[in-house]
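The values are calculated or read from the model by the stated rules, or taken from the named source; none is laboratory data. None of the values given here were measured: they were computed from a predicted structure. In this analysis, Cβ positions are derived from the backbone assuming ideal geometry, glycine residues included, and neighbour counts consider all displayed protein chains.
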Amino acid sequence: MAIINSPHFRGYTKVNGEITQNKPDIREQIDIGAEQKEIPFTENTPIWTRRQGPNQWPHQWPDFRQAIEAWLSDNQRISIDLLHAFLLALGVDEKSLDPFVLKDPNVSLKLIHYPKVSTQTEPQGVGAHKDTNILTLLLQDNTGGLQVQLDDHWVDIPYVENAFIINIGETLELATNGYLVANKHRVISPKNKDRYSVAYFISPNIFAGSLPILDLPQHLKDLAKGPTSDPNNPLLIDVAENNMKSRLRSHMMSQKSFIQTSMKH
């Protein structure tokens, strides 16, 4: 179930198989999304339609699919409820983004293992980055290593039992014209024991195009400075294109396999 066998970026990635900031991440993971039929792919089909398709399910784990699909369903409900709460707090209609997330949102799940390393200084479990989606729900263990950038320094994010870490993604930053800022974060590889985490991502339906900028109250509009963008990883306005760009950048080693697999489909 290697990810290079899937044109939809679903499956297993080995240690050093994913790249952030042009450096390999010291982690392995299984990527899973909503189970959907693939969109027939031709030379005229937008490449971002590859984000929709079936998963690679491990047949030797009969209960795995049932557990994962229940997790996806529960996290979708939680994330939409949370998005509604965000919008109410911003003083806009809580259902403003419902057309983009209620029907077939682009969701994905990462089951991540960070192997312990030697005493090397700050090895890259995953490099500094922003999530491209609307919201991320992250369940982490108590090993430590997750950090968020605050101004010019990094802050450790502690383990809280039975709690998610919530990340704002670039899509929500775009929709609020930069009032809500996607947080840059990273993971420092653990030195004493292995680290495990489960990350759930919700993005708009892949056919959403560009989200509208929310009509925030004037006092919040005055504080919105526009979305930020890394010159080395420019932010694309079309959410499906931005999401696809990030997948291709992080899986540079398998881009050739991705293209070849897509052409076969």
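Observations on the structure shown:
- In region 20-32, the residues that are at pLDDT 95 or above and surrounded by fewer than 20 Cβ atoms within 10 Å (Cβ to Cβ): GLU28
- Boolean, TYR179 is in contact with a helix residue (DSSP H, G or I) (Cβ under 8 Å, 6 or more places away or on another chain) and among the aromatic types (Phe, Trp, Tyr): yes
- Residue within region 244-252 that is at pLDDT 80 or above and in contact with a strand residue (DSSP E or B) (Cβ under 6 Å, 6 or more places away or on another chain) present: no
- Some residue of region 144-151 being assigned to a strand (DSSP E or B) and more than 28 Å from ILE68 (Cα to Cα): yes
- For the residues VAL126, VAL117, VAL107, the requirement of being closer than 17 Å to ILE168 by Cα and among the aliphatic types (A, V, I, L, M) singles out VAL107.
- Listed by position, the helices (runs of 4 or more DSSP H) inside region 164-254 whose residues that are in contact (Cβ under 8 Å) with a residue 60 or more places away in the chain number at least 3 are 170-175, 239-250.
- A residue that is within 18 Å of ASN242 (Cα to Cα), in contact (Cβ under 8 Å) with a residue 12 or more places away in the chain and out of contact with any strand residue (DSSP E or B) (no Cβ under 8 Å at 6 or more places or on another chain) cannot be found anywhere in region 31-42.
- Filter pass, ILE39 being hydrophobic (A, V, I, L, M, F, W, C), more than 22 Å from GLY209 (Cα to Cα) and at pLDDT below 95: no
- Subset tally (residues that are surrounded by 19 or more Cβ atoms within 10 Å (Cβ to Cβ) and either at pLDDT 90 or above or in a loop (DSSP other than H, G, I, E, B) (or both)) for region 1-19: 9
- Unmet criterion (only one of (1) over 30 Å from SER189 (Cα atoms); (2) within 20 Å of the chain's Cα centre (by Cα); (3) crowded, with 17+ Cβ neighbours inside 10 Å) for SER96: (2)
- Residues of region 72-98 that are touching a residue at least 40 places away in the same chain (Cβ under 8 Å) and closer than 18 Å to ASN133 by Cα: LEU72, ASN75, GLN76, ILE78, SER79, ILE80, LEU82, LEU83, PHE86, LEU87, SER96, LEU97.
- Complete set of residues in region 143-156 that are surrounded by 10 or more Cβ atoms within 10 Å (Cβ to Cβ) and free of Cβ contacts under 8 Å to residues at least 24 places away in the same chain: LEU150, VAL155, ASP156
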